[in-house]
Amino acid sequence: MKNIKFTRIEKHPLNNNFMLYCPVSYLAPFFGTRAQCKEMQPKWEKKFNDSFENLSKEEQEDIMKRLELYN
């Protein structure tokens with residue numbers, strides 16, 4: 001399967017930090033500087049990709065539809 005980007009890095013709306021999060025996951029966001037978030041992002045992407053590959057086709061399609069809403 002093609003490499004899917006599951007995570008986003010955005011400015012936190014209430015303070016001066018940034019947050020790394022996955023919009024289709026219940027995993028709590030990671031808060032830090034932009035550099036810290038960028039450093040953590042490949043690790044999160046690998047975990048999400050590994051988990052995604054183990055899902056059924058229906059579950060994968062559902063996640064892809066949800067991710068499209070955020071793009």
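What does the helix-only formula give at 222 nm for the chain: each DSSP H stretch with n ≥ 4 adding -39500 (n - 2.57), the total divided by the residues, and the result rounded to the nearest 500 deg cm²/dmol?
Values: 2 runs with 34 residues, N = 71.
Using -39500 (n - 2.57) per qualifying helix, the result is -16000 deg cm²/dmol.
Rounded to the nearest 10 degrees, the inclination of helix 34-53 to the longest alpha-carbon principal axis of the chain is 10 degrees. With coordinates expressed along the principal axes, the C-alpha atoms belonging to the chain extend over 39, 22, 19 Å, beginning with the largest. Counting only alpha carbon atoms, the long axis of helix 57-70 and the longest principal axis of the chain meet at about 40°. Taking other residues whose beta carbon is less than 11 angstrom from the beta carbon of Cys22, and scoring Lys, Arg as +1 and Asp, Glu as -1, yields +3.
Along the Cα-to-C-beta direction of Glu61, a point sits 7 Å from the Cα; which residues of segment 1-30 have their amide N less than 18 Å from that point? 1-2, by backbone N distance to the label point. Shown here for segment 25-63: chymotrypsin sites (Phe, Trp or Tyr not before Pro) in loop regions (DSSP other than H, G, I, E, B) with at most 10 other Cβ atoms within 10 Å, namely Tyr26. When you restrict to C-alpha pairs under 8 Å that are six or more residues apart and normalise by the size of the chain, the relative contact order lands at 26 percent.
FYI, it's all coordinate maths here, none of it is from the lab. Every value quoted in this text rests on a predicted model; they were computed, and no experiment measured them. With ideal geometry, Cβ positions are generated from the backbone for all residues, glycine too; neighbour counts draw on all protein chains shown.
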